[in-house]
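Structure first, commentary second.
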Amino acid sequence: MARQGKTSALFILSTIVLMWTMIFCSTSVVHAETVVNFSYPPFGYSAGAEKTFWAKHIKAFEKMNPGVKINMTWESWNNIFQKTTAAVESGRVPDISYNSPPQIMPLAKQGHIRPVDDLIAGLGGATIFQENLVNQFVLNGKTYCVPNADANLVMCYRKDLLKAAGYTQPPRTWDELVEVAKATTSGRVYGLGLYLGKTYDTRQVYAGMMWAAGGAMLDGNGNVALNSPENLTALKFYTDLYLKHKVVPPGAVAWKYGDSANIIGAGQVAMTPMWGGYGTLIEEMFPDNYKNIGFAALPVGPSGHSGSWSGVGGFYIFAKAKHPEAGGKFITFMSQPAIQKEWCAISGNVSPFKAIAQDPDLTRFDWYRAMAKQSASAIQTGWLNSAAVPGLEIIGGQHVLAEPVEDVISNGLTPEAALEKAHDHMVDIMEKAGRQ
Amino acid sequence: MVCETKRSWGAILAPYGFLAPAVIIVFGVLIYPLVYAVYFSLTDKTMLVSAYHFVGLGNYIELMGDSKFWQAFRHSIVFALVTGGLNLFLGFGMALVLNRRFRFRGVFHTVLLLPWVIPPIVTGLIFRWLYNDFYGYLNCLLLGVHLIEKPILFLVDAHYLWPSVIIANVWVEYPFVMLMFMAGLQSIDPDLYRAAKADGAGSMQLFFHVTLPGLQRVFFVNVLLQIIFMFKTFNLVWILTQGGPGGRIELLSTLAFHYAFEGTQTGYGSAVASIIFYVLLILSCIYVVITTRKIKER
């Protein structure tokens with residue numbers, strides 16, 4: 001028994017010693033050079049190409065900067081938000097990261113990330129970027145992110161189905177959208193794929209329609225304006241497509257991200273709003289049908305312009321970064337025009353750099369042309385640049401903009417009642433957030 | 001005497017030493033976050049803002065007036081009872097069948113266990129594909145044999161939503177119940193059956209007077225575990241429906257996720273999650289008390 005006890009104690013002691021030796025050795029190796037920790041959420045349209053892209057350019061950067069190592073960790077868009085928040089709260093943050101304004105700007109407001117005006121000046125100044133994109137990262141005169149990519153929703157359509165219904169062009173206005181959708185609805189093929197449940201996709205499409213109708217979430221004074229007549233017009237238009245015109249598949253109530261792409265690829269809907277970045281993947285997804293799939297800007301609404309949800313993304317540096325200079329160097333390196341062009345073609349994004357946004361090497365893709373057309377003009381949803389307003393991040397996450405759509409489609413509310421309910425919900429959230 | 005003391009030290013320390021890593025891990029990954037979640041439930045913490053205030057029972061009081069919470073609470077109870085009941089029924093039935101001797105029993109055993117082994121994300125995607133109205137296997141089959149004229153919207157239509165989600169959950173969960181019952185069946189002394197047969201007992205009498213009493217403890221454990229497991233179900237319901245259209249199958253677990261992570265309302269979402277924890281804590285206490293009593297009785 002005594003021997004058994006001694007053996008056990010010896011075993012435990014050896015394990016502890018071994019663990020500490022391993023930890024000591026690994027940290028010794030890591031500390032031998034400047035390691036820039038880079039937390040990154042991949043766009044994921046063509047994951048293989050994206051990984052190859054980053055590996056190639058990280059290797060080139062490390063070769064140019066001996067002693068600097070980029071330690072890139074891949075995070076899902078679904079949880080990078082939570083992970084970043086946890087990292088900030090624990091004080092153990094990466095050096096640099098990549099995200100969009102609703103995530104970046106609240107961090108900027110609280111002093112968790114540092115301004116990057118010096119990096120932007122080094123790249124040629126803020127004027128080299130599309131104003132409406134870079135402005136989304138400005139708070140109190142300081143810029144907190146180097147824009148790197150801009151994505152938006154475009155209209156994806158089946159050329160063959162439109163042609164069969166007598167149309168050679170995708171719809172350019174809301175009226176045309178209804179007309180083409182009705183004409184292409186036949187049997188088990190529906191004219192329009194539209195998310196109808198409480199999903200990110202629903203709120204993104206509805207937000208675009210709000211903007212196209214001349215509405216917005218907030219008025220000029222920053223007050224909630226969800227119950228405006230323009231937003232009501234958008235909601236009626238959105239829900240009528242399903243309830244009145246019956247051009248949307250009933251199953252769309254349960255659609256999740258990606259379903260619309262699969263269904264248009266299978267030729268069961270003629271049109272659907274989707275992220276333009278899918279254009280990079282469409283050939284791989286539908287090798288038999290990809291030539292039948294086209295992309296165009298979203299139709300123009302009553303306001304005289306169209307509306308698309310826009311997601312600009314870019315690099316930022318944490319205030320507690322251990323190696324901010326090396327991180328900044330890497331950001332500058334990745335912002336070179338040649339790398340930008342390659343990046344946009346791989347990741348399915350429009351370049352935020354004016355000089356590259358309309359580059360012929362990129363505009364040869366119709367998905368890129370459609371996105372660039374929307375990105376270059378001011379048809380954002382109009383509220384992302386207010387990301388530092390308390391409560392907007394909650395509204396985004398809670399699908400407040402999808403709630404009225406779901407309430408009309410699935411809960412039988414009138415558009416007026418549904419929008420009023422969502423308005424009150426939004427006011428409540430903003431008031432509570434403002435009190436913090 | 002000296003030798004005896006040395007022996008005792010070794011014997012005393014060894015189990016603690018072996019248990020220490022597990023206890024440390026449990027504290028690190030379970031107790032600490034749990035205490036933190038309960039603490040957050042008493043604050044107005046949101047995910048993006050570091051500053052927060054202590055609001056006492058404010059979140060819980062607000063929840064009492066939240067219709068979504070009560071709807072999710074009702075759904076969770078119904079879901080736990082129905083799914084748990086079906087798991088017990090099917091698991092018990094299958095265990096009885098597999099307890100008999102027949103050819104290829106091992107193959108059936110393995111096949112029936114497969115759903116439990118498959119990760120929930122895979123199961124969720126399988127069932128989403130099965131139920132899809134455009135390319136789903138089930139609709140193709142039903143349309144193919146002309147049982148239906150148009151696809152059934154399994155994850156949309158109010159008549160099919162609950163059964164569809166419950167079937168998927170039962171498919172995943174019943175093998176565990178089956179395993180428990182099989183272990184219980186094999187622990188019943190065969191002499192009891194022989195003796196009962198010698199006394200002229202028929203198969204029904206054997207079942208009611210030997211099998212069922214022999215499984216009493218397993219039944220109790222399974223019932224309680226199923227209620228606990230099904231009450232906190234999240235993965236499959238989330239993957240399949242995320243709460244369903246209009247929150248028709250919103251459970252407390254999915255509601256907590258909606259609030260805490262998507263809505264970034266850490267404090268409010270933690271209050272919902274804490275209520276799940278309180279309910280499960282009560283059930284677990286009942287479980288521990290009764291099983292301890294049973295062990296003592298034995």
- Which one of these is touching a helix residue (DSSP H, G or I) at 6+ places or on another chain (Cβ under 9 Å) and within 18 Å of B:T46 (Cβ to Cβ): A:F61, A:F53, A:F81? A:F81
- Task: Please specify each residue of region B:132-182 satisfying the condition of being within 11 Å of another protein chain (Cβ to nearest Cβ), in a helix (DSSP H, G or I), in contact (Cβ under 8 Å) with a residue 60 or more places away in the chain and over 17 Å from B:N235 (Cα atoms).
- Result: B:A158
- Which of the residues spanning region B:248-298 are more than 30 Å from B:F219 (Cβ to Cβ), at pLDDT below 90 and either buried (at least 20 other Cβ atoms within 10 Å of the Cβ) or not aromatic (F, W, Y) (or both)? B:H258, B:Y259, B:A260, B:E262, B:G263, B:T264, B:Q265, B:T266
- Would region A:195-210 turn up any residue that is touching a residue at least 60 places away in the same chain (Cβ under 8 Å), open to solvent by 10 Å² or more (accessible area, probe 1.4 Å) and assigned to a strand (DSSP E or B)? no
- Query: Which condition number does A:V312 fail, the rest of (1) at pLDDT below 95; (2) more than 19 Å from the chain's Cα centre (by Cα); (3) not in a loop (DSSP other than H, G, I, E, B) being met?
  - Reply: (2)
- If you take the residues of region A:106-138 that are surrounded by 15 or more Cβ atoms within 10 Å (Cβ to Cβ) and within 14 Å of another protein chain (Cβ to nearest Cβ), which of them is farthest from B:T264 (Cα to Cα)? A:I113
- Message: Consider region A:71-105. How many of its residues are crowded, with 21+ Cβ neighbours inside 10 Å, within 11 Å of another protein chain (Cβ to nearest Cβ) and out of contact with any Asp or Glu (no Cβ under 7 Å at 6 or more places or on another chain)?
- Response: 6
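A quick yes/no check of all residues on (1) out of contact with any helix residue (DSSP H, G or I) (no Cβ under 9 Å at 6 or more places or on another chain); (2) hydroxyl-bearing (S, T, Y); (3) within 30 Å of A:S97 (Cβ to Cβ):
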| position | (1), (2), (3) |
| --- | --- |
| A:A151 | no, no, yes |
| A:R188 | yes, no, no |
| A:R203 | no, no, yes |
| A:L226 | no, no, no |
- Out of (1) facing another protein chain (nearest Cβ under 10 Å); (2) open to solvent by 40 Å² or more (accessible area, probe 1.4 Å); (3) farther than 30 Å from B:L179 by Cβ, the odd one out for B:V35 is which? (1)
- Query: B:K45 versus (1) part of a helix (DSSP H, G or I); (2) over 28 Å from the mean Cα position of the chain (by Cα): which is the lone unmet condition?
  - Reply: (1)
- Members of region A:255-264 that are at the interface with chain B (Cβ under 9 Å from one of its Cβ atoms) and open to solvent by 10 Å² or more (accessible area, probe 1.4 Å): A:K256, A:D259, A:N262
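The values are calculated or read from the model by the stated rules, or taken from the named source; none is laboratory data. From a predicted model like this one, the values you see are computed outputs, not experimental measurements. As a convention, Cβ positions derive from the backbone with ideal geometry for all residues, glycine included, and neighbour counts pool all protein chains shown. Accessible surface is based on the protein model in full, side chains and every heavy atom, while ligands, DNA and RNA are left aside. Shrake-Rupley method; radii C 1.70, N 1.55, O 1.52, S 1.80 Å.
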